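The values are calculated or read from the model by the stated rules, or taken from the named source; none is laboratory data. Computed from a predicted model, the values in this text were never measured in an experiment. Using ideal geometry, Cβ is built from the backbone for each residue, glycine included, and neighbour counts are taken over all protein chains shown. In case anyone asks, the SASA skips ligands and DNA or RNA and just uses the protein heavy atoms, side chains included. Shrake-Rupley method; radii C 1.70, N 1.55, O 1.52, S 1.80 Å.
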Amino acid sequence: MRKFSFLLILAGILIMLYPKANEWYNDWEQQKLLEEAEQAYSEVTPAPPSGPDLSKPYAAVTKLLSEESSADEQAEAAESPAPDIQVGGKIIGIIQIDKINLKLPILEGATKANMKHAAAHMKETAPIGEVGNAAIAAHRSRTTGRLFNRLNEVEIGDTISVTTSGQDFKYVVYDISIVEPTDISVLNGHNDDKILTLITCDPLINPTHRLIVHAKLS
């Protein structure tokens, strides 16, 4: 009977520790991707066809953002037999914002698997560094400093660095807004400008909107 009670206590402790262990694993996977990105970059994805319909992919991204960091997801993770380790996107670069001590690998394709460990470029939007609007999404983890957790601290005039295929692009923030999840206008381009759009959820707890940071190539 005493042995059975010990096993029950041990099982309870393991269940309680699983969410934090899963977070540590995701951080390890993120660091591994970042190191790989720093050693060698994949080629930038070719420009998409003109005038793509972004409504469906954007809706999918905002849905993924709303799912992260919820208490329900952490409870579900505690019952899950193993973490999801599938990462399907190519590493296309690194995003860095010195002001908030952010440095993340960028994977091609805003999928659930890719966004567990990295920032994700919406492949339906413009390639980074080219004319158009290149959109990058990441979760706003509740853990301070993870992923886009501190994106709300960025201000107009701040610099965002993106390195891809040996090129270093410097974007300057010119607009910050909080919008409805359905507001696809945040992906609009503007003439010949080279725009970078960062997307995450807002507020941090029980998000209902999206925090959008627009920057222009300087």
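Key figures
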read-out: Segment 149-205: C-alpha gyration tensor shape, a/c 1.5 cut-off, then a/b vs b/c; value: oblate
read-out: Order by protection proxy (mean Cβ within 10 Å, highest first), peptides 125-131, 135-141; value: 135-141, 125-131
read-out: Links that overshoot a 21 Å alpha carbon limit, given the list Lys123/Lys216; Lys90/Lys116; Lys63/Lys216; Lys32/Lys99; value: Lys63/Lys216; Lys32/Lys99
read-out: Size of segment 123-218 as Cα extents on the principal axes (Å, biggest first); value: 36, 27, 25
read-out: Inter-centroid distance (Cα atoms) of segment 84-148 relative to segment 150-185, Å; value: 12 Å
read-out: Phe169 accessible area, assembled protein chains, probe 1.4 Å, Å²; value: 30 Å²
